[in-house]
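Read the structure below first, then the notes.
The values are calculated or read from the model by the stated rules, or taken from the named source; none is laboratory data. Since this is a predicted model, take the numbers as computed values, not measurements. Here the Cβ positions follow ideal geometry from the backbone for every residue, glycine too, while neighbour counts run over all protein chains shown.
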Amino acid sequence: MTIPTLGTYTGRKLVTDLQSFGLQLGDDTSGIGRKGGAGPSDHKTITIAGHTVMVPVYTSGARHSPFQASPPDQSGASTLLRDGQRLGTIHFPAAPRFYGRSTADGIPYWKIALLHGRDTLATTVHQTCIRYADRRTSCQFCAIGQSLEAGRTIAYKTPAQLAEVAKAAVELDGVRDMVLTTGTPNVIDRGAAVLAESAAPSSSDRPAITGAVRTSARPQLVRAPA
Ligand code: SF4
């Protein structure tokens, strides 16, 4: 059996099953994956039949998934199995090249923004939230504080830092889009101002991410917990 084309029913079902059951990894694979936290945590990017998708790998369900991937070779190629039967070859992308860079003051770029999927850069501008402090009333699905506690990101990304990382991600890794999100820094604008500042055009005295990438600044508008 070979991996079906994703435009077919069986191809779509394969991806749906992978995203539902998850994927057991024979060994850890390239790139930065995170067990818990905000962003692409618990998932890895794989390319299957020419399409790039995210599949869960660190969830409890994934540990019992019928799908298994062999350790990738140097090109990222891996064998996908279901119930021990070989389905075909999938690919794990190599770690983005911009992950190897740091700012002048020593902050690794991957702590400022991460690659999502194949060509989208994403960041949480404010990694803190006034609602997260009380886990009894904060959004129960949210894990914004875990990445910060684990030292995998920084609390606030300045517009200059975002511009620097976006430029490198575009030049080194072909990034095309950027998603900005934020925790809720206040109840006045709930983060809209900080996102607007981050996505503002460049001026004579400050660089900007605009011009390097298409930007989708997404204020998280949530109803205040009671
Ligand atoms: S408002 Fe946003 S960042 Fe804050 S706890 Fe809810 S989902 Fe998390």
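Some observations on this one:
- Flag if Gln220 is part of a helix (DSSP H, G or I) and modelled with pLDDT under 90: no
- Applying the set (1) in contact with a Phe, Trp or Tyr (Cβ under 9 Å, 6 or more places away or on another chain); (2) modelled with pLDDT under 90; (3) surrounded by fewer than 16 Cβ atoms within 10 Å (Cβ to Cβ) to Ser60 leaves exactly one unmet item: (1).
- Subset of region 147-161 that is away from the ligand (no atom under 14 Å from the Cβ) and in contact (Cβ under 8 Å) with a residue 60 or more places away in the chain - its residue that is surrounded by the fewest Cβ atoms within 10 Å (Cβ to Cβ): Ala150
- Any hit, region 162-169, residues being within 16 Å of the ligand (Cβ to nearest atom) and under 30 Å from Phe92 (Cβ atoms): no
- Residue within region 118-132 that is over 24 Å from Val194 (Cβ atoms) and surrounded by 15 or more Cβ atoms within 10 Å (Cβ to Cβ) present: yes
- The criterion of at least 1 residues that are within 11 Å of the ligand (Cβ to nearest atom) is met by the following strands (runs of 3 or more DSSP E) wholly inside region 78-146: 120-124.
- Residue list for region 174-213, restricted to those being crowded, with 18+ Cβ neighbours inside 10 Å, closer than 30 Å to Gln140 by Cα and more than 16 Å from the ligand (Cβ to nearest atom): Met178, Ala199
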